[in-house]
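Asks: Starting off with a structure, shown below.
The values are calculated or read from the model by the stated rules, or taken from the named source; none is laboratory data. Here the structure is a predicted model, which is why all the values come from computation and not from measurement. Reconstructed Cβ throughout: ideal geometry from the backbone, glycine too, with neighbour counts over all protein chains shown. Heads up: the accessible areas ignore ligands, DNA and RNA and are worked out on the full protein's heavy atoms, side chains in. Shrake-Rupley method; radii C 1.70, N 1.55, O 1.52, S 1.80 Å.
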Amino acid sequence: MLKGIAASPGVAVAELFRLEEPDLTVSLTEGLDPAAERARYDAAAAQAAAELDALYDRACQTDEKTAQVFDIHRMMLEDPDFCDGISEALEEGINAEYAVRRTADALAGMFRAMEGDEYMQARAADVQDVSGRLIRILKGVRDVDARFDRPVIVAAEDLLPSQTVRLDKEMVAGFITRLGSSTSHSVILARTLGIPCVVGMGDDFDRLPLSGVVAIDGGSGEVLPDPDEDALADFRARRAAYLADRDALEDFKRREAVTSSGHKVLVAANIGSLEDIDAVLAQGGDGVGLFRSEFIYLDSADFPTEEAQFQIYKEVLERLAPRPVVVRTLDLGSDKQAPYFGIKGEENPAMGYRAIRICLKEPHIFRTQLRALLRASVYGNLNVMFPMITKLDQVLQIKAILAQVQGELEAEGVPFSRDVQYGIMVETPAAAVMSDVLAREVDFFSIGTNDLTQYTMAADRMNARISDLFDSADPSVLRLVELTAKNAHAAGIWVGICGESAANTALTEFYMSAGIDELSVSPSSIPKVKRAVIQS
Ligand code: PEP
Ligand code: MG
């Protein structure tokens, strides 16, 4: 039995799918049969076209800019210069991979040489992207965009949130990784979807076979390759026990979370996309306490437009109305990177250029999001929250930008709600310590215990080797939670918790004694948290 960190509960038995960074290096082979290489190339091109068509259709539903990119790639496959270059190379008797690489390099070089022509410069990247897809197919490597025809357990060194959002989640029965920790964003995503997950397996990861069936228990962190009949029976029994426990919680979905002393708590959900709304409703969520809007950016090949964002915010508000929805503005950076932001590698990205720091330095990005949010505000109960606050001055700057955006919309005659509440995440020790001052400027606090623990304990939340130090129940973290709650209430504002420890029912009593007003957790944890509140 192999072991890792128990990151998302549930039991699964399925075939292993190894997700690897595709190796796209190619070498030259000469003297091949041109007709045979032509046939290989034609089959690869047909598959590439089918993949791009499917990606285009999917992107059309959420984001037309990304869809356009796939459309351009699709056209590139039929571009006469591209096709002629490849045909010429194939006729020389060289291998199809090399024919693609040689043609793509020549074309991209030509585009790149057209200095000052931004459009052509971008085409260079497109040519390389399409040829990467062709070479990957020719080399028989499957892609994260792959669709599966049966359930799989995805095994990877680590899972980037940008990969996780693109996976065929309907067919992903579980995740296992060498690296990662229980608060890495891919794990949070898995928990939201109720997918069992074992991470941080370290050296045990090397003991996994390359393929075959594996059984995983995300509640205990156990992974068993190639289970025999007895082991399969054991995992089936575990699965039945897990499902029975879930059934026992069924009643709590519909109940209000009120403590024995009469304190009413909102048990809301953390979500990353519109796809999660069904789960929020099915699990009896009182609303959304954290919509990680950066996932919209991660799922997009370029900056999502105001209109694309507006449609998403409008839908989430409409579908959950009259329940409150807290949308957190862009919290990109650290483990959540979108290439088009062009953020250079940093020594300490968790403490670097991220979240509100990007928004205040590049306000055009921020304004687009605020405009989309305000336009959507008339469709439901919107609350907007700002991440990674460390200073009062940031809050004042945000308010100034917000006032400008409101003025702009007013001048344009675009309606927006005046009842939107504006809050901040308290996820840095600086914000917790200064919470008395910050509370005077905002309508609510939401405590982000993931980052608050990381910064308070000086323990990287992504690093499995020090996961013992990353402890959201450490007295230092709990003191900051208590202080923040006290200062919020003294200023007459509400305070929630949206970090993963909101779902740690061993802490529910403590949170209730601190007077926490809202707990926001992954949808699958809602019934369990409601029960803990009711029983406290
Ligand atoms: C947190 O830091 O606790 C939080 C909720 O935000 P994220 O996990 O997205 O950093
Ligand atoms: Mg955070």
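Asks: Give the separation of the Cα centroids, region 11-38 to region 224-249, in Å.
Replies: A separation of 35 Å, based on Cα centres.
Asks: State to the nearest 20 debye the size of the charge dipole of region 29-82 about its Cα centre, where the only charges are +1 on K and R beta carbons and -1 on D and E beta carbons. Intermediate results must be reported in sequence, preceding the final value.
Replies: Details: 5 positive and 13 negative charges, 30 e Å.
With Lys and Arg at +1 and Asp and Glu at -1, about 140 debye.
Asks: Excluding ligands, DNA and RNA, what is the solvent-accessible area per residue of region 251-534 at a probe of 1.4 Å, expressed in Å²? Intermediate results must be reported in sequence, preceding the final value.
Replies: Values: 10860 Å² over 284 residues.
So region 251-534 comes to 38 Å² accessible per residue, rounded to a whole number.
Asks: Charges on Cβ only, +1 for Lys and Arg, -1 for Asp and Glu, centred on the Cα centroid of region 251-534; of Phe303, Gly413, Leu507, which one is farthest towards the dipole's positive end?
Replies: Leu507
Asks: Ignoring ligands, DNA and RNA, please state the percent of accessible area on region 251-534 from carbon and sulfur, probe 1.4 Å.
Replies: Ligands and nucleic acids excluded, carbon and sulfur give 51 percent.
Asks: While we're here: Determine, for each peptide in 42-55, 170-183, 360-373, the mean count of other beta carbons within 10 angstrom over its residues, then list the peptides with the highest first.
Replies: Values: 42-55: 16.4, 170-183: 22.4, 360-373: 18.2.
With the highest mean Cβ count within 10 Å placed first, the list reads 170-183, 360-373, 42-55.
Asks: In addition: Using the crude model of +1 on Lys and Arg Cβ and -1 on Asp and Glu Cβ, and no other charge, please compute the dipole size for the chain relative to its Cα centre, in debye to 20. Don't jump to the answer; show the numbers that get you there.
Replies: Working: 54 positive and 85 negative charges, 435 e Å.
Its charge dipole is roughly 2080 debye.
Asks: Using the crude model of +1 on Lys and Arg Cβ and -1 on Asp and Glu Cβ, and no other charge, please compute the dipole size for region 34-139 relative to its Cα centre, in debye to 20.
Replies: 420
Asks: For region 1-122, with all protein chains present and a 1.4 Å probe, just round the carbon and sulfur fraction of the accessible area to a whole percent.
Replies: On the way: 3460 of 6620 Å².
The value for region 1-122 is 52 percent carbon and sulfur by accessible area.
Asks: I need the peptides 15-28, 274-287, 492-505 ranked by packing, meaning the mean over residues of other C-beta atoms within 10 angstrom, with the highest value on top. Mind showing how you got there, number by number?
Replies: Details: 15-28: 14.3, 274-287: 19.2, 492-505: 23.1.
Taking the mean over residues of other Cβ atoms within 10 Å, the ranking is 492-505, 274-287, 15-28.
Asks: Another question, then. Return the loop-located trypsin sites (Lys or Arg not before Pro) in region 381-476 (DSSP other than H, G, I, E, B) with at most 15 other Cβ atoms within 10 Å of their own Cβ; answer none if there are none.
Replies: Details: sites: Lys391, Lys399, Arg418, Arg440, Arg461, Arg465; in loops: Lys391, Arg418, Arg440, Arg461.
The qualifying sites are Lys391, Arg418, Arg440.
Asks: Against the empirical 2.2 N^0.38 Å scaling, what ratio does the C-alpha Rg of region 251-534 come to?
Replies: 0.95
Asks: Which of Ala49, Ala6, Ala67 sits farthest toward the positive end of the charge dipole of region 1-97, with +1 on the Cβ of Lys and Arg and -1 on the Cβ of Asp and Glu?
Replies: In region 1-97, that residue is Ala6.
Asks: Considering only C-alpha atoms, what is the centroid distance from region 403-478 to region 161-177, in Å?
Replies: 28
Asks: By how many nm would the segment from Met351 to Glu509 grow when fully extended, if each residue of separation counts as 0.36 nm and the alpha-carbon distance is taken off? Display every interim value, and only then the final one.
Replies: Values: separation 158, 0.36 × 158 = 56.88 nm, distance 3.17 nm.
Extending this stretch completely gives an extra 53.7 nm.
Asks: I'd like the distance separating the alpha-carbon centroids of region 317-356 and region 261-316, in whole Å.
Replies: Each part reduced to its Cα centre gives a spacing of 13 Å.
Asks: If you take every DSSP beta bridge whose two residues both sit in the chain, what share of them, in percent to the nearest 5, is antiparallel? Let's see the in-between values first.
Replies: Numbers: 17 of 57 bridges.
Bridges in the chain that DSSP calls antiparallel: roughly 30 percent.
Asks: Taking a threshold of 28 Å on the Cα-Cα distance, which of the pairs Lys314/Lys344; Lys3/Lys139; Lys3/Lys344; Lys486/Lys530; Lys399/Lys486 fall above it? Walk me through the numbers before you get to the answer.
Replies: Numbers: Lys314/Lys344 33 Å; Lys3/Lys139 32 Å; Lys3/Lys344 35 Å; Lys486/Lys530 23 Å; Lys399/Lys486 24 Å.
Violating the 28 Å Cα-Cα cut-off are Lys314/Lys344; Lys3/Lys139; Lys3/Lys344.
Asks: Using the charge dipole of the chain (Lys, Arg: +1 at Cβ; Asp, Glu: -1 at Cβ; taken about the Cα centre), state which of Val265, Asn381, Leu193 has its Cα farthest towards the positive end.
Replies: It is Val265, whose Cα lies furthest towards the positive end.
Asks: Within region 214-235, what residues put their amide N at less than 16 Å from the label point 7 Å along the Cα-to-Cβ vector of Asp245?
Replies: Answer for region 214-235: 216-223, 235.
Asks: P(r) of region 198-317 in 10 Å steps, Cα pairs, percent per bin?
Replies: Taking all Cα pairs of region 198-317, the binned fractions are 10, 24, 24, 28, 13, 1 percent.
Asks: Taking the mean number of other Cβ atoms within 10 Å as a proxy for protection, how do you rank 29-41, 288-300, 199-211 from highest to lowest? Don't skip to the end; give the middle numbers.
Replies: Details: 29-41: 14.3, 288-300: 24.3, 199-211: 16.2.
So the order, starting with the most tightly packed, is 288-300, 199-211, 29-41.
Asks: Can you give me the accessible area per residue for region 80-168, using a 1.4 Å probe, in Å²? Spell out each step's value before the answer.
Replies: Numbers: 3960 Å² over 89 residues.
Here the residues of region 80-168 average 45 Å² of exposed surface.
Asks: Write down the Å³ per residue value for the convex hull defined by the alpha carbon atoms of the chain. Could the numbers behind the result be given before it?
Replies: Working: hull volume 85.8 nm³, N = 536.
Output value, Cα hull per residue: 160 Å³.
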